[in-house]
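Read-outs throughout are calculated quantities, based only on the coordinates presented, and are distinct from any laboratory measurement. Just so we're clear, the structure is a prediction, and the values are computed from it rather than from any experiment. Quick reminder, even Gly has a Cβ in these numbers, built from the backbone with ideal geometry, and neighbours come from all protein chains shown.
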Amino acid sequence: MTLHGKYDPDNIFAKMLRGDIPCVKVFEDDVALAFMDIFPQAEGHTLVIPKDVEARNLLEMPKKKLGAYMERVQKVAKAIDKALKPDGIRVMQFNGAPSGQTVYHLHFHIIPVGEGQSMRSHASGEPADTEALKALADRIAAYI
Ligand code: 5GP
């Protein structure tokens with residue numbers, strides 16, 4: 001996949017938005033859906049995706065919808081801060097395969113980081129235990 005291309009309505013995040021495949025939800029409204037990353041780079045790794053838009057990346061996000069979406073990204077980051085009390089929070093977003101993007105529906109990663117803690121590798125390894133993800137999602141959701 002390159003930086004430029006056609007939006008695939010069957011990408012996994014689009015399927016989650018349609019309810020065709022499950023995810024562990026943290027937050028949802030008419031603008032965005034936030035859910036736990038199945039290959040967390042650190043405990044609490046959450047993804048926030050925009051709804052009702054065919055944007056593969058940040059460059060393709062309609063300007064009119066960007067502000068409301070970014071408010072949700074911030075809302076989830078603040079909830080992670082309150083719930084998990086990390087020392088830092090990494091907010092990441094990739095555009096195009098060479099940058100690290102693997103799923104082609106716009107998303108921001110919100111990754112809590114502890115002092116001196118190294119992050120696990122990106123989008124690889126063993127998937128996390130669903131019950132453990134649900135427990136984390138509940139803790140974060142309590143602050144939204
Ligand atoms: P990207 O590489 O596109 O920036 O990030 C895609 C993210 O989606 C990765 O962090 C990866 O772990 C996550 N991911 C891939 N497949 C699934 C899935 O089926 N469910 C969930 N919850 N996350 C996924």
Considering residues of the range 114-131 that are in contact with a strand residue (DSSP E or B) (Cβ under 9 Å, 6 or more places away or on another chain) and of a type in the set (A, V, I, L, M, F, W, C) only, the residue surrounded by the most Cβ atoms within 10 Å (Cβ to Cβ): 128
In the range 89-123, the residues that are within 13 Å of the ligand (Cβ to nearest atom) and either touching a Gly at 6+ places or on another chain (Cβ under 7 Å) or within 14 Å of residue 42 (Cβ to Cβ) (or both): 90, 91, 92, 94, 109, 110, 111, 119, 120, 121, 122, 123
Among (1) within 14 Å of the ligand (Cβ to nearest atom); (2) free of Cβ contacts under 8 Å to residues at least 40 places away in the same chain; (3) of a type in the set (D, E, K, R); (4) out of contact with any helix residue (DSSP H, G or I) (no Cβ under 9 Å at 6 or more places or on another chain), the one test that residue 20 misses: (4)
Meets criteria (assigned to a helix (DSSP H, G or I), farther than 22 Å from residue 127 by Cα and among the hydroxyl-bearing types (Ser, Thr, Tyr)) for residue 69: yes
Any hit, the range 10-29, residues being touching a Gly at 6+ places or on another chain (Cβ under 9 Å), of a type outside the set (Lys, Arg) and at negative phi: no
The listed residue being among the aliphatic types (A, V, I, L, M), more than 16 Å from the ligand (Cβ to nearest atom) and in contact (Cβ under 8 Å) with a residue 24 or more places away in the chain, out of 32, 83, 55: 83
Condition broken by residue 90, with the remaining ones in (1) surrounded by fewer than 17 Cβ atoms within 10 Å (Cβ to Cβ); (2) in contact (Cβ under 8 Å) with a residue 24 or more places away in the chain; (3) within 18 Å of residue 137 (Cβ to Cβ) satisfied: (3)
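For (1) more than 14 Å from the chain's Cα centre (by Cα); (2) buried (at least 17 other Cβ atoms within 10 Å of the Cβ); (3) under 19 Å from residue 113 (Cβ atoms), each residue gets a yes or a no:
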{"position": "6", "(1), (2), (3)": "yes, no, no"}
{"position": "10", "(1), (2), (3)": "yes, no, no"}
{"position": "18", "(1), (2), (3)": "yes, no, no"}
{"position": "35", "(1), (2), (3)": "no, yes, no"}
{"position": "56", "(1), (2), (3)": "no, yes, no"}
{"position": "72", "(1), (2), (3)": "no, yes, no"}
{"position": "82", "(1), (2), (3)": "yes, no, yes"}
Residue ID - farthest from the ligand (Cβ to nearest atom), chosen from residues in the range 124-139 that are closer than 11 Å to residue 36 by Cβ and of a type in the set (Gly, Ala, Ser): 135
Cβ pairs under 8 Å, 6+ apart, first in the range 116-131 and in contact (Cβ under 8 Å) with a residue 24 or more places away in the chain, second among the small types (Gly, Ala, Ser): 117/42; 119/42; 120/42; 122/100
